[in-house]
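Encoded as structure tokens, the structure appears first; notes follow it.
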Amino acid sequence: MPIRSPRNRRYRLVACIAAASLPAMAIAQSGYPNRPIRVVVPFAAGSTTDIIARAIADRMGQSMGQSLLVENRAGASGTIGQAQVARAAPDGYTIMIHSSSHTVSPWTFNKLPFDTVADFAPITPISSTPNVLVISPAKNIRTLQELVALGRAKPGALNFASAGQGSATHLNAEKFRLAAKIEAVNVPFKGSAEAVTEVITGRVDYYFSPIAPVINQIQSGQLLALAVGSSRRASALPSIPTTAEAGVPGSEFNFWIGMFAPAKTPTDIVQRLNDEVVKALAQPDVKERFQKLGADAWTMRPDQFAEYLREEIRRNEALVKAAGLAPQ
């Protein structure tokens, strides 16, 4: 067996260190970012996804020395914005902040101009944000069990709002409906603002809403919160039980918001963006903003997020089929 000299070992060590630093060197040489970054949000301004995107973009821009400009490209349950990002140049200057609806669209649309997996590079989740089931006090329903009892006594008499076919608010309601063994009719709207208004007036019975658009109405008594749809209670509404705690096991739905880039974006840029999100979420002002939204910071490595997305796409396929949702 040949004897290897200390000098050769030193050369190999230097070579390994140099190879490991290549991604960082590539970023430094390219000067990334050297111009503003476009952040596509495929929902309307004022939505929970939009609010979280702007909070993160502001902090990331300060850290990266370039503006992150949020653009709302709402419509078709997020697929219009998704398509724009899928077609964008994979250079790190167009990214997307989307919700868990990203993993639903393959099963709720007949033909998409993009592939949910192949056309995107997952960067990281940003937050887990529970939905809360709200109802008008005028309905005289005070608990989730009362709502379930009414739904079972009068099949099809109840209806619920959603922020569009296949949206997270829609899927959360379907998961609850199936677990509760009730019949209820989806009434889709263009966004949360219109859905909330219709529930307050009583024209629609209930809505699994993101917390941010309804927290003031809950506090003022315009809306009654019966339960949160997640597997654990919301930090912004600690006294409100989960749907499982309120007597409907198997109804949990995880509403998350995450960041994506076009496929083939260089891995060093994807990792840089991942690092910047993690850094932004550690800032006190971002933590405070998230707490007010009822959002919990949540991150993963890009490879972990990719695996999570593949699993969730499979879960949502089963949920869409069980709910009998016909693709558009």
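Just so it is clear, none of the values below were taken in a lab; they were calculated from the coordinates. All of these numbers come straight from a predicted model, not from anything done at the bench. Backbone-built Cβ (ideal geometry, glycine too); neighbour counts: all protein chains shown.
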- [ ] Considering the options 302, 52, 110, tell which one lies farthest towards the positive end of the dipole of the chain, charges being +1 on Lys and Arg and -1 on Asp and Glu at the Cβ, about the Cα centre.
- [x] 302
- [ ] Could you pull out every residue, at least 5 positions away or on a different chain, whose amide H is within less than 5 Å of the one on residue 72? Hs are placed 1.01 Å off N in the peptide plane, and Pro or chain starts have none.
- [x] 41
TODO: Kindly put 196, 187 in sequence by how many other C-beta atoms sit within 10 Å of each C-beta, fewest to most.
DONE: 187, 196
Task: Whole-number Å³ per residue for the convex hull built on Cα positions in the stretch 35-103 - done: 78 Å³
Task: Estimated distance in nm for a label pair at residue 157 and residue 193, the labels positioned 7 Å out from Cα along Cα-to-Cβ - done: 3.5 nm
TODO: Give me Rg over Rh for the chain, both radii from the alpha carbons and Rh done the Kirkwood way, two decimal places.
DONE: 1.06
Task: Spatially proximal aspartates and glutamates relative to residue 175 (Cα-Cα < 13 Å; intrachain offsets below 8 disregarded) - done: 183, 252, 317
TODO: Calculate for the chain the 222 nm mean residue ellipticity that helices alone would give, adding -39,500 (n - 2.57) per DSSP H run of length 4 or more and normalising by residue count, nearest 500 deg cm²/dmol.
DONE: -13000 deg cm²/dmol
- [ ] Report, ordered by chain and residue number, the lysines lying within cross-link reach of residue 181, taken as a straight Cα distance under 28 Å and ignoring same-chain residues fewer than 8 apart.
- [x] 139, 154, 190, 321
TODO: Tabulate in residue order the Karplus-calculated ³J(HN,Hα) for the stretch 212-223, using 6.51 cos²θ - 1.76 cosθ + 1.60 with θ = phi - 60°, rounded to whole Hz; enter x for Gly and Pro.
DONE: 3, x, 10, 4, 5, 5, 5, 5, 7, x, 5, 10
Open item on the list: Under 5 Å between amide hydrogens, which residues at least 5 positions from residue 162 or on another chain qualify, with H placed 1.01 Å from N in the peptide plane?
Closed with: 187, 189
Task: Top positive-direction residue, dipole computed over the stretch 62-158 with Cβ charges, set 95, 143, 128 - done: 143
TODO: Would you please put 43-54, 77-88 in order of how densely packed they are, using the mean number of other Cβ atoms within 10 angstrom per residue and starting with the highest?
DONE: 43-54, 77-88
- [ ] Would you kindly calculate the translational diffusion coefficient of the stretch 131-228, applying Stokes-Einstein with the Kirkwood radius from alpha carbon pairs, for 25 °C and a viscosity of 0.890 mPa s, and quote it in µm² s⁻¹ without decimals?
- [x] 190 µm²/s
TODO: For the stretch 74-79, just list the computed ³J(HN,Hα) in residue order, Karplus coefficients 6.51, -1.76 and 1.60, θ = phi - 60°, integers in Hz, with x standing in for Gly and Pro.
DONE: 7, x, 6, 6, x, 6
